[in-house]
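Down below is the structure, laid out as C-alpha cells.
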Amino acid sequence: MRKNIVAGNWKMNTTLAEGVNLAKDVNEALKGFTPNCDVVIGVPFTHLASVNAVIDATKLGLGAENCADHKSGAYTGEVSAAMVASTGATYVILGHSERRQYYGETSEILKEKVALALENNLTPIFCIGEVLEERENGSYLEVVKTQIEEALFEMSAEDFSKLILAYEPVWAIGTGKTATDDQAEEMHAFIRNVIAEKYGNEVAENTSILYGGSCKPSNAPQLFAKPNVDGGLIGGASLDAESFMGIVKAF
C-alpha cells in the first residue's frame with residue numbers, strides 16, 4: 001500500500017542557525033504524536049549535516065533540494081548524490097520546476113540525477129508539472145506525460161518503484177493560486193494511469209504522488225481527501241513549523 005507523505009521544500013531560505021531551529025521545532029512537534037503520513041524536510045545543502053544531528057530520523061526524514069548529474073570531479077560548486085547521502089539525508093528533490101525554469105534542467109540531465117540518487121540509496125522526490133500557458137491551451141496532460149516518459153521510462157520497474165512523484169501546477173507555485181482539488185485529482189489519476197500503462201497496475205497503485213502547488217493548512221484536507229493525492233510537497237508553509245504541522249495533521 002502506498003505511503004502518504006508530507007515533504008517540506010525550504011528552497012533558498014533560512015540561515016544555518018534559523019534552519020536548525022526550524023528543524024528542531026518540527027522535530028519537537030512530532031514528539032508524542034504519530035502522524036498518518038511520513039514527514040520529510042528538504043533543506044539547503046549547507047544545513048543537511050547540522051539538521052541531521054538535531055532530528056529524530058525515525059520521525060522525520062531529511063532530504064536535499066537537488067544533487068549533481070555527475071558522480072564527482074571538476075564541477076566547481078556542485079554537490080553529488082554521494083555527498084548528500086554522506087550527511088545522513090535519505091531523500092532528494094529532483095526536477096523541481098524552478099530548477100527546470102531557471103537552470104535549464106532537461107530530461108536527459110534529470111535521468112542522470114535520478115540514477116545517481118538511487119545508486120546512493122536516496123529516495124528521489126521527482127517533480128513534474130505544467131506552466132500556465134500549457135494549462136490554458138489544454139496541452140497539460142500531454143506535457144506531464146512527456147516529462148515522465150522522457151526522464152523515467154527507461155528505468156526498470158524495480159527502480160521506478162523507489163520513486164516518489166510530485167505534481168506541481170507551476171502556475172500555482174508562489175502565486176497564491178491553487179489547483180482545485182478536482183484539478184489535482186484529475187492530474188494525479190492521469191499520472192497513475194500513465195505509470196500503469198508502462199509498469200502495470202501494481203507499481204502504479206504503490207507509487208506515492210504528492211501535490212505541490214500552494215498547499216496550506218486551509219486547503220490540505222480537501223486535497224488529501226482525493227483518492228489519488230497522497231500528500232504534498234510544501235513550499236512556503238514549510239518555513240513555519242505550525243503551518244507545516246497543520247498540513248501534516250490534515251491526514
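See the values below:
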item	result
CD proxy at 222 nm, helix term only [per DSSP H run n ≥ 4: -39500 (n - 2.57); per residue of the chain; nearest 500]	-11500 deg cm²/dmol
Surrounding net charge for LYS59, when Lys and Arg each add one and Asp and Glu each subtract one, Cβ distance under 15 Å	0
Computed magnitude of the charge dipole of the range 125-251 (debye, nearest 20; Cβ of K, R +1, Cβ of D, E -1)	420 debye
Estimated inter-spin distance, GLN101 and GLU186, nm [label 7 Å along Cα→Cβ]	2.1 nm
Built amide H within the under 5 Å cut-off of ILE5, gap 5+	ASP38, GLY231, GLY232
Cβ charges +1 (Lys, Arg) and -1 (Asp, Glu), total dipole of the chain, debye	660 debye
Dipole of the range 5-248, positive direction: furthest Cα of ALA89, TYR103, GLY19, with charges on the beta-carbon	GLY19
Prolate/oblate/rounded call for the range 127-206, Cα gyration tensor, a/c under 1.5 rounded	prolate
From phi via Karplus (6.51, -1.76, 1.60), per-residue ³J(HN,Hα) for the range 9-14 in Hz, x at Gly/Pro	10, 6, 6, 8, 9, 6
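Any read-out appearing in this document is the output of simple, stated calculations on the displayed coordinates, not a laboratory observation. Worth saying up front: this structure is predicted, and the values here are computed from it rather than measured. As a convention, Cβ positions derive from the backbone with ideal geometry for all residues, glycine included, and neighbour counts pool all protein chains shown.
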